[in-house]
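No value in this document is a laboratory result; all are computed from the given coordinates. This is a predicted model, so every value here is computed, not measured. All Cβ positions, even for glycine, are placed from backbone atoms using ideal geometry, and neighbour counts span all protein chains on display.
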Amino acid sequence: MLTVDRQEIYRYLGYGKSMPDPEVRQAVEDCLAFLVPEVETRQVHRAFPVHTAGENVLEIEGMRIHSRALAKNLAGCSAVCMMAATIGFAPDRHAARAAAAGKVSRSLIFLAAGTALIENWCDEVTEMIRAEFSQKGLYPRPRFSPGYGDFALDHQREIMQILRVQKTIGVTLTESLLMMPSKSVTALIGLSDQDDECAVSGCESCGKSETCRFRRF
């Protein structure tokens with residue numbers, strides 16, 4: 001079962017590092033009681049060589065990516081692990097039902113909880129990738145998703161096609177490049193022969209994020 005980081009849920013609800021009042025905390029617990037048992041964790045990942053094709057231009061499995069930020073993140077990497085992950089339709093379903101019943105605050109809680117849960121699931125997938133590839137002498141950089149910085153969201157479609165995401169984990173893409181279920185993620189993870197001790201949970205939680213040359217933003 002996924003770890004539930006309640007402080008992250010509160011943060012997504014707009015409380016920052018503050019603790020909400022008891023009524024809100026109880027509402028979060030009530031929503032989690034419905035949501036967590038229905039979460040369906042699925043993931044797919046594959047590794048591919050990465051090549052530099054010019055300044056801030058990368059080629060990965062037929063993708064040609066123009067991104068200064070991604071090039072910086074993948075500097076020194078010979079390969080990249082492409083991943084997709086989802087926790088299923090439960091957050092969308094419960095949020096829609098709550099909204100239809102006029103319970104807007106409950107709807108927002110379901111969505112915030114879903115966001116925290118997919119991030120936790122992505123952290124677990126990243127740890128799987130670390131364990132898998134460290135045996136081969138390769139170590140992961142922070143996750144980098146389409147839409148971060150200057151990594152164009154259009155590449156979402158290519159990643160979905162390469163990993164056959166609809167067939168493998170049941171995630172589809174709308175015309176506006178949004179994934180369904182909405183609590184789904186695609187990302188690239190650089191694989192380096194140097195263990196740079198990047199935080200599994202990404203740049204936001206790492207004390208070195210301001211100085212690290214591999215930071216994603």
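For the reader, a short list of remarks on this structure follows.
- Positive minus negative residues near D123 (Lys, Arg vs Asp, Glu; Cβ under 10 Å): -3
- Most mobile of R143, R130, R25 in a GNM of the chain (Cα contacts under 10 Å): R25
- Here the stretch 6-205 is assigned +1 on the Cβ of each Lys and Arg and -1 on the Cβ of each Asp and Glu. Its dipole about the Cα centre then comes out at about 420 debye.
- Alpha-carbon spread of the stretch 1-107, three principal axes, descending order, Å: 55, 29, 26
- Ratio Rg/Rh [Cα only; Rh per Kirkwood] for the stretch 1-60: 1.28
- Rg/Rh for the stretch 66-188, where both radii come from Cα atoms and Rh is the Kirkwood radius: 1.02
- For A90, net neighbour charge (Lys/Arg +1, Asp/Glu -1) across residues whose Cβ lies under 10 Å away: -1
- Highest-fluctuation residue, E119, E55, E158 considered, GNM on the chain with Cα pairs under 10 Å: E55
- Surrounding net charge for C31, when Lys and Arg each add one and Asp and Glu each subtract one, Cβ distance under 12 Å: +2
- Farthest towards the positive end of the charge dipole of the chain, among the residues V4, V171, V185, is the Cα of V171, using unit charges on the Cβ of Lys, Arg, Asp and Glu.
- Kirkwood Rh (inverse of mean 1/r, distinct Cα pairs), the chain, angstrom: 18.2 Å
- Cα gyration tensor category, rounded, prolate or oblate, for the stretch 95-158 with a/c compared to 1.5: oblate
- Excluding same-chain neighbours fewer than eight residues apart, the aspartates and glutamates reachable from K103 by a Cα-Cα span under 16 Å are E23, E29, D30, D92.
- Within a Gaussian network of the chain (alpha carbon springs, distance under 10 Å), most fluctuating of Q135, Q166, Q194: Q135
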